[in-house]
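Each remark here refers to the structure printed beneath this line.
The values are calculated or read from the model by the stated rules, or taken from the named source; none is laboratory data. Source: prediction; values computed, not measured. Methodologically, a virtual Cβ is constructed for each residue, glycine included, from the backbone with ideal geometry; neighbour enumeration extends over all protein chains shown. Remember, those area values only see protein heavy atoms, side chains included, never the ligands or the DNA or RNA. Shrake-Rupley method; radii C 1.70, N 1.55, O 1.52, S 1.80 Å.
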Amino acid sequence: MKNTILLGLVFFWGPFIVNAQDKIQSEETEIKNDSLDQKGLIEELKYIKQPGLANAASKIYSADRRYSISGFTEINSVTYLGEKNRGDDIELYYTNLYRLGFYFGYKITDKFIFNSEIQAELLHDGFREVGTELNFEWMFDYLFHPSFNVRVGNYPVPVGYTNINEEPIAFYSVNRPEVERIILPTQWLETGVMFYGNFLDNQFEYNLGLTKGLDATSMVEGTWIRRGRFHGLEIPKAWAGNGKLEYVGNDAVKLGLSGYFGNASRGNETPTGETFSPNVSLYSLFAGYEWGDFSVFGLAMKGSTSQTDRIFQFDNQVIGEETFGYYGEFRWDLWSAFDTIKDWKLPLWIRYERLDTHAAVASSFENRVFDRQNLEIISIGANLRPKRNLVFKANYQFRENLSESIIPEANRLELGIGLIF
């Protein structure tokens, strides 16, 4: 007990004792700290984005020193106003989410840069099931010229909007939009090579990549290609291409077009020995505009999968031959109506969202019962943003599954906290 009290006294009073000693040489310390600041040894996130990466993930590229440490965290809670419609994927029915991303970057030279992320995720369903995921993102960039650079590694596929801008300050809902969780499996990393840069006086940004393909044998019907992601390091047995073109010439305007097409066989044959060569395609368009304290944003995407009858042979999963999703969002900063703390923001927002994992299925599955996410969602919410890197979120979702379902889709109340550093 005495040791505990002693440790407590040291813990609480130690910093004050050290601080008192430091004050003896206060002038020398201030000069030294100023020198450190000038050398860039103490620095904050500059919010300068590198093509294909979010804010915190881009820190090393604009850092004044040789290395950088950054990251993000989010904690989310989901309350169901009704019975949960549980599927084969915990992504569809979790009640708690804990996510932590930790970035480390190092400048081998001014042009040759290593960047990495360890991202840990824990999902809980409110009872006893827990889903965990640990991803390692790594990449080597060689910066030839602003108009042409090369990235090799395991990096985010540049499709859609949220897959790149996945840090919690980049989107307004507690959880990522359903279209970009279920149709586009954010976060989606693949191993490959990417060429990127800016052109036309830095008005436009492009990404062109070649990566390993998905694994169709692991897909489940309720979340389309999401379970087909494979993060392991291997010699690719199937290939995919992706590309993105984005207008970046005006901070108030968001406009981008992207696409993905690839083979998802991973070199497998069907259990019956048939040739297996399913292809997956996904195309996306987003647009947004910000004027004063108001902004709008919209996104649409369409996907397709071939040989779904042969995919069925592996695990009896009915995968949609065609999928689609879109949403539109309107925001207004309520805080702007008050003459209080100028840096704070309180955006109120409303979003209409529509998606269907089985917009079309193979004729052999038309009379079969399967987990179809044919959703219409209206979300209303608010963010409290006391700082640019910190957000407290709340939203309510009015949800309906337009397909026949044993359990009706429950409305949801979601609460969350997000931080980047």
What about F148, is it touching a residue at least 40 places away in the same chain (Cβ under 8 Å) and more than 30 Å from P347 (Cα to Cα)? yes
Within segment 253-291, the count of residues that are open to solvent by 50 Å² or more (accessible area, probe 1.4 Å) and either among the β-branched types (V, I, T) or in contact (Cβ under 8 Å) with a residue 12 or more places away in the chain (or both) comes to 16
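Report yes if some residue within segment 200-207 is within 24 Å of E91 (Cβ to Cβ) and without any contact (Cβ under 8 Å) to a residue 60 or more places away in the chain; otherwise report no.
Scanning segment 200-207 turns up no residue that is within 24 Å of E91 (Cβ to Cβ) and without any contact (Cβ under 8 Å) to a residue 60 or more places away in the chain.
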For the subset of segment 214-254 comprising residues that are charged (D, E, K, R) and touching a Gly at 6+ places or on another chain (Cβ under 9 Å), which member is nearest to N198 (Cα to Cα)? E246
Considering each residue of segment 270-302, count those that are under 19 Å from G328 (Cβ atoms) and assigned to a strand (DSSP E or B), and give that number. 18
Considering only segment 113-152, how many residues are of a type in the set (G, A, S) and either touching a His at 6+ places or on another chain (Cβ under 9 Å) or under 22 Å from L245 (Cβ atoms) (or both)? 2
Cβ contacts < 7 Å: first residue in contact (Cβ under 8 Å) with a residue 12 or more places away in the chain, restricted to segment 79-96; second residue assigned to a loop (DSSP other than H, G, I, E, B) and exposed (fewer than 14 other Cβ atoms within 10 Å of the Cβ), any location; separation 6+ or different chain. Result? G82/P408; E83/I407; N85/I407; I90/E129
L97 in a strand (DSSP E or B), open to solvent by 10 Å² or more (accessible area, probe 1.4 Å) and not aromatic (F, W, Y): no
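Scan segment 351-384 residue by residue and report those that are charged (D, E, K, R), modelled with pLDDT of 95 or more and open to solvent by 50 Å² or more (accessible area, probe 1.4 Å).
Hit for segment 351-384 is E376, nothing else.
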Hey, any hits in segment 314-321 for a residue that's part of a strand (DSSP E or B), β-branched (V, I, T) and within 26 Å of the chain's Cα centre (by Cα)? no
Regarding segment 130-144, can at least one residue be identified that is of a type outside the set (V, I, T), open to solvent by 10 Å² or more (accessible area, probe 1.4 Å), under 21 Å from G298 (Cβ atoms) and in contact (Cβ under 8 Å) with a residue 60 or more places away in the chain? no
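I'd like to know if segment 188-202 contains one or more residues that are farther than 25 Å from A170 by Cα and among the polar types (S, T, N, Q). Lay out the reasoning, then the answer.
Taking segment 188-202 and keeping what is farther than 25 Å from A170 by Cα, we get 192-193, 200-201.
Imposing the further condition that a residue be among the polar types (S, T, N, Q) reduces the set to none.
Scanning segment 188-202, I find no residue that is farther than 25 Å from A170 by Cα and among the polar types (S, T, N, Q), so the answer is no.
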Which one of these is without any contact (Cβ under 8 Å) to a residue 24 or more places away in the chain and either among the acidic types (D, E) or under 22 Å from P185 (Cβ atoms) (or both): D315, D339? D339
Exactly one of I24, I48 is among the β-branched types (V, I, T) and either modelled with pLDDT of 95 or more or closer than 25 Å to W188 by Cβ (or both), and that residue is I48
A careful count of residues in segment 235-252 that are touching a residue at least 40 places away in the same chain (Cβ under 8 Å), more than 19 Å from the chain's Cα centre (by Cα) and open to solvent by 20 Å² or more (accessible area, probe 1.4 Å) gives 4
Output the number of the condition that G126 fails; it satisfies all remaining conditions of (1) open to solvent by 30 Å² or more (accessible area, probe 1.4 Å); (2) in a loop (DSSP other than H, G, I, E, B); (3) within 20 Å of P168 (Cβ to Cβ). (3)
Residue, nearest to P51 (Cα to Cα), within segment 150-179, restricted to residues that are part of a strand (DSSP E or B) and open to solvent by 10 Å² or more (accessible area, probe 1.4 Å): V150
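Out of the residues in segment 205-225 that are within 17 Å of A54 (Cα to Cα) and not charged (D, E, K, R), which is most open to solvent (accessible area, probe 1.4 Å)?
Y206
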